[in-house]
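The values are calculated or read from the model by the stated rules, or taken from the named source; none is laboratory data. All values derive from a computational prediction rather than experimental measurement. With ideal geometry, Cβ positions are generated from the backbone for all residues, glycine too; neighbour counts draw on all protein chains shown.
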């Protein structure tokens, strides 16, 4: 049995976040969705829990990072092609996201990034299934 992964992210406006990620093609599990949270499906074993900040605070005693001014992490996910990387970032920017880093092209790996409406950093990447050449440097 595969280990499932759940990433929990605080959001200011759950409806706005759901609308944004729906625009990118993601779906949500209604069994884990209410006014405080939703479960965004990445694949059969990876999920992102979008939690309204007040609800998120019930899981930690630490302050919530303001992702618009502080980087708490960079979430990265892969797609099937370079074109799919560009298309996903285009969708993000037209759905209310903002640009992050410029395209990074290492030949065998291609990535681009955006910030969601709460400022969380997302990187979309494609990697050649053959992997990096023996002399590749990142």
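For residue 125, state whether it is in contact with a helix residue (DSSP H, G or I) (Cβ under 9 Å, 6 or more places away or on another chain), surrounded by 12 or more Cβ atoms within 10 Å (Cβ to Cβ) and either assigned to a strand (DSSP E or B) or not assigned by TED's automatic domain parsing to the domain that holds residue 13 (or both). Here the answer is yes, as residue 125 does meet what is asked.
Would you point out which residue out of 69, 94 is closer than 24 Å to residue 16 by Cβ and either at pLDDT below 95 or in the same structural domain as residue 9 (by TED's automatic domain parsing) (or both)? Step through it out loud before you land on a result.
Numbers: 94 fails: either at pLDDT below 95 or in the same structural domain as residue 9 (by TED's automatic domain parsing) (or both).
Going through 69, 94 in turn, just one is closer than 24 Å to residue 16 by Cβ and either at pLDDT below 95 or in the same structural domain as residue 9 (by TED's automatic domain parsing) (or both): 69.
Just give me the residues in region 87-110 being touching a residue at least 24 places away in the same chain (Cβ under 8 Å) and within 20 Å of residue 43 (Cα to Cα), in sequence order. The answer is 88, 89, 91, 92.
Checked against (1) surrounded by 15 or more Cβ atoms within 10 Å (Cβ to Cβ); (2) more than 13 Å from residue 10 (Cα to Cα); (3) under 13 Å from the mean Cα position of the chain (by Cα), residue 87 meets all criteria but (3). Take residue 120 and decide whether it is closer than 13 Å to residue 9 by Cβ and outside the structural domain of residue 23 (by TED's automatic domain parsing). Judged against the criteria, residue 120 is a match.
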